[in-house]
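Here the structure comes first, spelled out in structure tokens, and everything after it is commentary.
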Amino acid sequence: MPLVKDGRPAADTWTTLADDAPVPADGAVIVSLARWRAERAALVARTAPVGVLLPSDAPADAPGDGIAGLALIAVAFPKFRDGRGFTTARRLREEFGFTGTLRAVGDVLPDQYQFLHRCGFDEVELPAGRDAAAWIAAAGPITVAYQAALRDGGPLGLLRRRVA
Amino acid sequence: MTYVAPRHRAGIYHYDEIDRQFVRERVAQFRGQVERRLRGELSEDEFKPLRLMNGLYLQLHAYMLRIAIPYGVLSSTQLRGLARIGRRHDKGYGHFTTRQNLQYNWIGLADTPDILAELAEIDMHAIQTSGNCIRNVTTDQFAGAAPDEVVDPRVYAEILRQWSTLHPEFSFLPRKFKIAITGAPNDRAAVRVHDVGLVTKRDGDGNVGFEVYVGGGLGRSPFIAPKVRDWLPEEDLVAYLEAVLRVYNQYGRRDNIYKARIKILVHQIGVARFAEQVEAEFARIRGPFYRLDPVLVDAIRGHFAPPPFEALPAVSEAYEEARRRDAAFAAWATSSVHAHRTPGYASVTISLKPVGGVPGDITADQMDAVADLADRYGFGEIRVTHEQNLVLAHVRRNDLHALWQGLAAAGLASANAGLVTDIIACPGLDYCSLANARSIPLAQEISRRFADLDRQRAIGELKIKISGCINACGHHHVGHIGILGVDKKGEEFYQITLGGNAELAGAAIGDIAGPALTADDAVDAVEAVVNRYLDLRTPGERFIDTLARVGHGPFKEMVNAAR
Ligand code: HEM
Ligand code: SF4
């Protein structure tokens with residue numbers, strides 16, 4: 001599916017595996033949380049990168065101490081109204097020090113892109129059928145923010161900072 | 001009335017170019033969204049959350065646009081701008097709400113980007129006036145003026161306004177989130193019926209800190225917020241609120257919108273466990289990243305510096321003389337003039353509750369008149385109260401009589417502030433698609449019934465609050481007499497409650513009294529309850545105190561008998 005990364009369309013080099021699909025010898029794969037827990041040793045023994053998909057009700061500590069072995073964490077947004085993923089991302093970055101790729105997956109709106117970015121997401125997997133360019137253009141940029149978050153572009157006086 | 005240039009600038013947060021750029025970018029973004037909607041590229045379902053983030057509701061008959069008035073403070077320039085928009089894009093008026101906001105009830109979708117652009121020109125917007133985000137922070141309408149004030153709450157309300165604006169993490173919460181803050185022990189901001197209530201205070205060394213209440217709210221399941229912290233140092237305000245919101249965003253219920261407010265989370269897991277989780281998160285994130293720098297607090301405080309008051313004697317002979325001479329003025333002054341901490345000054349309530357009028361409605365011409373009077377007599381500053389009235393916070397006592405004459409000329413000199421006809425009412429079935437019953441006609445009927453000012457003054461302080469459905473936008477739960485619209489087989493009925501109270505000490509949810517009544521019977525019941533109170537009270541006793549002393553029984557009898 002199309003990706004948006006750093007505000008531009010990008011190719012997806014990851015394969016999302018169904019739980020009953022065999023794990024290929026190489027290639028980057030995203031597995032479910034259950035599979036990650038059950039097959040972690042085998043998954044990290046491969047040479048290719050592995051990622052996990054967190055459902056929206058999984059807290060940021062769900063990957064557990066294996067988090068260092070993950071190159072990507074995808075966070076599900078079953079509905080754009082379900083904003084738990086914003087907190088999950090910030091906790092992964094700020095509390096658990098996750099430095100791999102954070103991907104938002106599911107029902108997200110273009111107007112949420114900047115919020116996702118400032119909560120630590122690197123990329124968004126677009127809902128099926130969306131054209132990445134139109135999606136990006138739809139959200140005119142806001143260049144000023146009023147609170148501390150991730151990826152600040154520098155202070156502007158008072159609580160304000162430059163973003164985007 | 002001729003225009004008088006403001007003598008001094010109002011005590012509002014003054015935008016600079018950075019703030020303006022932010023609002024302009026936001027307008028441009030919304031313009032694009034509206035164009036996509038009008039071209040059919042966005043479905044109503046996709047457009048809805050976007051318009052709600054910009055205060056645009058679809059009501060029964062038209063779009064409604066809700067304008068944010070941060071903590072209810074406006075400059076005269078802003079009020080004139082709102083008048084202009086009311087003329088150009090609405091039917092020549094606006095409606096002030098219990099959330100210290102302004103609503104235009106008759107808006108065309110295609111006009112909204114232009115309205116927002118016009119708002120941007122007066123440093124205003126409609127961001128976060130709806131949606132599941134942190135809403136407009138509300139506070140005491142006498143902030144910076146009240147004699148009992150310990151700390152000016154506007155400083156922190158402004159900090160919270162900025163911090164919560166398009167917060168990346170907390171814009172898609174389980175449900176809306178309302179913060180109220182007071183800086184005086186006499187709580188005029190109803191902090192304990194908000195998701196977060198803050199009482200600003202000082203310790204023995206003069207340091208500023210906050211008492212924090214979490215989980216209050218009205219609506220379907222009303223709760224008075226429990227205290228979760230007795231002392232939060234100023235520098236931790238943002239960190240602690242981040243922690244509260246973070247716990248809520250993760251664990252608040254999302255399966256049922258009626259159980260999604262933070263009050264339900266606090267109630268279900270218990271305040272002790274909730275506080276524990278917040279403290280754990282707070283301990284983790286406390287540090288330089290979220291620390292509220294005292295230098296920044298000072299810079300914000302600078303925006304709210306007191307206006308240049310003159311040194312005046314505490315007693316104004318001119319005012320006292322006018323009161324003796326003019327009984328109508330004296331009656332107005334008794335209900336509308338409030339003590340000020342500066343000698344020779346007063347705060348003034350402008351009642352938006354004329355007999356038979358729509359509570360909170362104001363015409364564009366009246367807005368202009370108030371703006372002019374504010375420039376002449378009130379340092380160009382106007383406040384909106386949660387009781388749907390306006391306030392001029394700083395008026396020389398010497399000017400009160402002239403101000404009153406100016407208000408009377410604009411039809412704004414009702415002498416009923418704080419009395420039984422100073423009724424709060426939500427929009428109800430006249431506008432609102434969720435309503436069971438009309439609120440406004442009932443408020444109008446009650447105010448006609450009690451029109452006689454001498455009778456109102458004999459009754460004294462009595463707060464009637466009306467909501468058209470259980471969502472409680474009209475605060476009926478905390479009305480001394482509350483009235484709730486209910487639907488009985490498709491007909492409008494009203495349920496009366498007694499003994500609600502929004503003040504910090506004594507905050508209480510009213511008890512249901514008797515059966516649901518027709519509109520006519522409900523007005524009769526209110527009158528009978530008031531008459532019973534007059535029979536039962538001891539000299540000087542307020543309605544709410546009589547009720548507490550004698551119990552609800554004698555009053556319930558009156559409600560039952562009204563059917
Ligand atoms: C006409 C459009 C309106 C709609 C659709 C609407 C909708 C709602 C809903 C659904 C609730 C219940 C929220 C909950 O319990 O989770 C609510 C509460 C509330 N609304 Fe409104 N409302 C409208 C107008 C207003 C107006 C005009 C005001 C101010 C006068 C207002 C102020 C409030 C207040 C104070 C509450 C209760 C406090 C609380 O949030 O617990 N609303 N509204
Ligand atoms: S209380 Fe009900 S009827 Fe009144 S404005 Fe709120 S939702 Fe509408």
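Residue count for the range B:232-279 satisfying the condition of being within 16 Å of ligand 1 (Cβ to nearest atom), farther than 18 Å from B:Val193 by Cα and free of Cβ contacts under 8 Å to residues at least 24 places away in the same chain: 2.
Looking across the range B:358-390, the residues that are open to solvent by less than 20 Å² (accessible area, probe 1.4 Å) and within 23 Å of B:Phe450 (Cβ to Cβ) come down to B:Pro359, B:Gly360, B:Ile362, B:Thr385, B:Gln388, B:Asn389, B:Leu390.
Filtering the range B:460-473 down to residues that are open to solvent by 20 Å² or more (accessible area, probe 1.4 Å) and more than 10 Å from ligand 1 (Cβ to nearest atom), which residue is nearest to the other protein chains (Cβ to nearest Cβ)? The extreme case among them is B:Lys463.
Filtering the range B:474-493 to residues that are open to solvent by 10 Å² or more (accessible area, probe 1.4 Å) and in contact with a helix residue (DSSP H, G or I) (Cβ under 9 Å, 6 or more places away or on another chain) leaves B:His475, B:His477, B:Leu484, B:Glu492, B:Phe493.
Kindly indicate the residue of the range B:246-259 that is within 12 Å of another protein chain (Cβ to nearest Cβ) and outside any helix (DSSP H, G or I) and also surrounded by the fewest Cβ atoms within 10 Å (Cβ to Cβ) among those meeting that condition. Here the answer is B:Asp255.
Among strands (runs of 3 or more DSSP E) entirely within the range A:1-106, having at least 3 residues that are modelled with pLDDT of 95 or more and open to solvent by less than 30 Å² (accessible area, probe 1.4 Å) singles out A:28-32, A:50-54, A:72-77, A:101-106.
Consider the range B:177-197 and keep the residues that are among the hydrophobic types (A, V, I, L, M, F, W, C) and touching an Asp or Glu at 6+ places or on another chain (Cβ under 7 Å). The one that is modelled with the lowest pLDDT is B:Ala189. Taking the range A:136-149 as the range and being at pLDDT below 75 and hydrophobic (A, V, I, L, M, F, W, C) as the test, the residues that pass are A:Ala137, A:Ala138, A:Ala139. You will find that of B:Ala417, B:Ala425, the residue that is within 16 Å of ligand 2 (Cβ to nearest atom) and in contact with a helix residue (DSSP H, G or I) (Cβ under 9 Å, 6 or more places away or on another chain) is B:Ala425 and no other. If A:Arg84 meets every condition in (1) within 14 Å of chain B (Cβ to nearest Cβ); (2) farther than 28 Å from B:Arg254 by Cβ apart from one, which number is that one? Unmet for A:Arg84, out of (1) within 14 Å of chain B (Cβ to nearest Cβ); (2) farther than 28 Å from B:Arg254 by Cβ: (2).
Scanning the range B:446-467 for residues that are free of Cβ contacts under 8 Å to residues at least 60 places away in the same chain and more than 22 Å from the chain's Cα centre (by Cα) yields B:Asp452, B:Asp454, B:Arg455, B:Gln456.
Taking B:Leu429 as the residue in question, decide whether it is surrounded by fewer than 22 Cβ atoms within 10 Å (Cβ to Cβ), within 15 Å of ligand 1 (Cβ to nearest atom) and not in a loop (DSSP other than H, G, I, E, B). Judged against the criteria, B:Leu429 is a match.
Going through the range B:384-426 one residue at a time, which ones are on the phi > 0 side of the Ramachandran plot and within 11 Å of ligand 1 (Cβ to nearest atom)? Once the filter is applied, which keeps residues that are on the phi > 0 side of the Ramachandran plot and within 11 Å of ligand 1 (Cβ to nearest atom), the range B:384-426 yields only B:Gln388. For the range B:168-225, which positions are acidic (Asp, Glu), closer than 22 Å to B:Ala146 by Cα and in contact (Cβ under 8 Å) with a residue 60 or more places away in the chain? The answer is B:Asp187, and nothing else.
Rundown of residues vs (1) within 14 Å of the chain's Cα centre (by Cα); (2) within 12 Å of another protein chain (Cβ to nearest Cβ); (3) among the charged types (D, E, K, R), yes/no style:
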{"residue": "A:Gly100", "(1), (2), (3)": "yes, no, no"}
{"residue": "A:Tyr113", "(1), (2), (3)": "yes, yes, no"}
{"residue": "A:His117", "(1), (2), (3)": "yes, yes, no"}
{"residue": "A:Glu125", "(1), (2), (3)": "yes, no, yes"}
{"residue": "A:Ala134", "(1), (2), (3)": "no, yes, no"}
{"residue": "A:Ile142", "(1), (2), (3)": "no, yes, no"}
{"residue": "A:Arg151", "(1), (2), (3)": "no, yes, yes"}
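Only one entry in B:Ile262, B:Ile300, B:Ile269, B:Ile285 is surrounded by fewer than 17 Cβ atoms within 10 Å (Cβ to Cβ) and of a type outside the set (Lys, Arg), namely B:Ile269. Selection of the range A:148-164 for residues being part of a loop (DSSP other than H, G, I, E, B) and within 25 Å of A:Arg8 (Cα to Cα) yields A:Ala148, A:Ala149, A:Leu150, A:Arg151, A:Asp152, A:Gly153, A:Gly154, A:Val163, A:Ala164.
The values are calculated or read from the model by the stated rules, or taken from the named source; none is laboratory data. Remember, it's a predicted structure, so these values are computed and weren't measured experimentally. Cβ coordinates were reconstructed from backbone atoms using ideal geometry, including for glycine residues, and neighbour counts include every protein chain displayed. All accessible areas refer to the heavy atoms of the entire protein, side chains included, with ligands and DNA or RNA removed. Shrake-Rupley method; radii C 1.70, N 1.55, O 1.52, S 1.80 Å.
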